[in-house]
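Beneath this line is the structure, given in C-alpha cells, with notes to follow.
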Amino acid sequence: MSKHDLKEISPEDRWAQTVEASMFDRSEGLDSPSASECRELLRKRYRVDTGLIRHSEKVAQLAVTIGKALNKKGLELDLRLIEAASLLHDMFRGERDHGLLAGRLLRQLEYPKVAYIVENHMQPFYQDRDKLTEHVIVCLSDKFVQEDCLVPLEVRFEKKLVYYANNPRIKTMVHSRFMDAKTAQTHVEIILGHPIEKFFAQLSK
Ligand SMILES: [Fe+2]
C-alpha cells in the first residue's frame, strides 16, 4: 500500500460519517469554518485531547496576530482561513498521516482551502514560490509553539535535533525544516519591521 493511500485507514471514514456538513454556516458562501465551528468539531465531535486543543489555540492566536499585522502592511491574507487551519491542523495528530486524514475530512466538508493548509503543514513552507501565503503563516506559527508555549524557533528545533541526534536522515529533515522556518521568520519580520517575538508578551497572558 502506498503511503498516501488512505483506503485502509478506517478511523477517519468512521469519524467523517458523524460530521454533518449542515453544522457549518454556509449562508454567505464562506469558504472556511468559523473559530466556534472549529472548536465544536474539535471538542464535541472528535473529543480532541485538551493539550492538543491548547496547542492549536496558541498557534491560531499567533498566526492571526501575525496575519493582522501583515495586512496592516498591505498584504491581503485571509484571517478566517488562517484561524481555521491553525485550529484544525493537528486535529488527528497521533494518527498516521494525520494532516492528510484531516485534509480529507475537510475536503468532504467542502473546505478545500483549509484542507490544503492542513494537508501540507508538515511540508516545506513555501509551496507557492517565495509568496507569503496563509499556509506559510500557519506553518511558521506552529513552529513557534511548543505544546502551548511560545518559544523561539531555536528552542523548539534544538529539542528535536537532540532527540534525533542518532538518526542522520531525520536530523537532516529537521534541520531543513528549521532553515525553512528561519527564512519565513526573516521574510515576515522584514515586512513587519520588528521581531515576531515582540508579540509573545501580549499572547502569553
Ligand atoms: Fe502543531
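Read-outs: derived from the displayed coordinates by stated rules, not from any lab. This is a predicted model, so every value here is computed, not measured. A quick note on method: Cβ atoms are made from the backbone with ideal geometry, for glycine too, and the neighbour counts reach across all protein chains shown.
Report the full-extension gain for the segment Phe200 to Asp49: residue separation times 0.36 nm, less the Cα-Cα distance, to one decimal in nm.
Full extension of this stretch gives 51.9 nm more.
Mind checking which helices in the chain clear 24 Å along their axis (Cα) and have mean Kyte-Doolittle hydropathy of 1.6 or more, DSSP H runs only?
Span-like helices here: none at all.
When the helix-only estimate is applied to the chain (DSSP H runs of n ≥ 4, each -39,500 (n - 2.57), divided by the residue count), what is the mean residue ellipticity at 222 nm, nearest 500 deg cm²/dmol?
Mean residue ellipticity at 222 nm (helix-derived): -17000 deg cm²/dmol.
Quick one: in segment 31-203, what % of C-alpha pairs are over 24 Å apart?
32
Mind scanning Lys73/Lys131; Lys73/Lys159; Lys143/Lys198 and naming the pairs with a C-alpha gap bigger than 23 Å?
Exceeds cut-off: Lys73/Lys159.
Report, in debye and to the nearest 20, how large the dipole of the chain comes out about its Cα centre when Lys and Arg carry +1 and Asp and Glu carry -1 on their Cβ.
My answer is approximately 500 debye.
Taking the simple approach of a point 7 Å from Cα along Cα-to-Cβ for both Asp31 and Gln123, what is their distance in nm?
In this crude label model, Asp31 to Gln123 measures out at 1.7 nm.
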